[in-house]
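Here the structure is laid out as structure tokens; the discussion comes afterwards.
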Amino acid sequence: MAQFDVHRNTGKNREAIPFVVLVQSSLFDSYRRRVVVPLVRESSLATISDARFNPTFNIEGIAVVLHPLEIVSVPNEQLGEFVESLVHEGNRIMDALDELLTRAWR
């Protein structure tokens, strides 16, 4: 398992969320859990208001959208089969997470 690997979602919402992407740093590989962000079917969403926060990817011919607000930690054994790597899209994924976690001074 490597950062930006895409795995099949084995959870109950796998129709709307067919995949998750691992975002956790390899510094924490010794832990028994992995931090993932859901990749939601674009067709399941009404709108995408911010392309930087919700980038779109094509996985196995399915348009999916990164959904950082649904970030979660899952046990390693619950990760589904490896599908592909989005390492080439790492900057877009980290930009979305930066949007989520950056301090907003208002």
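The values are calculated or read from the model by the stated rules, or taken from the named source; none is laboratory data. If you're wondering where the values come from, they're calculated on a predicted model, not measured in any experiment. Here the Cβ is made from the backbone with ideal geometry for all residues, glycine too, and neighbour counts use every protein chain on show. Calculation scope for accessible area: heavy atoms of the full protein, side chains included, ligands and nucleic acids excluded. Shrake-Rupley method; radii C 1.70, N 1.55, O 1.52, S 1.80 Å.
Take the range 3-47 and flag every residue that is touching a Phe, Trp or Tyr at 6+ places or on another chain (Cβ under 9 Å) and assigned to a loop (DSSP other than H, G, I, E, B).
9, 23, 24
Here are 39, 69: which of them is of a type in the set (A, V, I, L, M, F, W, C) and at pLDDT below 95? Quick ask: steps written out before the conclusion?
On the way: 39 fails: at pLDDT below 95.
When all the criteria are applied, what remains is 69.
Any idea how many residues of the range 48-73 are out of contact with any Ser or Thr (no Cβ under 9 Å at 6 or more places or on another chain), outside any helix (DSSP H, G or I) and open to solvent by less than 30 Å² (accessible area, probe 1.4 Å)?
Adding up the residues that qualify gives 4.
Would you mention how many residues in the range 74-84 are surrounded by fewer than 11 Cβ atoms within 10 Å (Cβ to Cβ) and touching a residue at least 60 places away in the same chain (Cβ under 8 Å)?
The qualifying residues number 1.
So is residue 5 within 18 Å of residue 79 (Cα to Cα), acidic (Asp, Glu) and either under 14 Å from the mean Cα position of the chain (by Cα) or open to solvent by less than 70 Å² (accessible area, probe 1.4 Å) (or both) or not? Show your work before the answer.
Details: within 18 Å of residue 79 (Cα to Cα): yes; acidic (Asp, Glu): yes; either under 14 Å from the mean Cα position of the chain (by Cα) or open to solvent by less than 70 Å² (accessible area, probe 1.4 Å) (or both): yes.
Taking the combined requirement at face value, the residue satisfies it.
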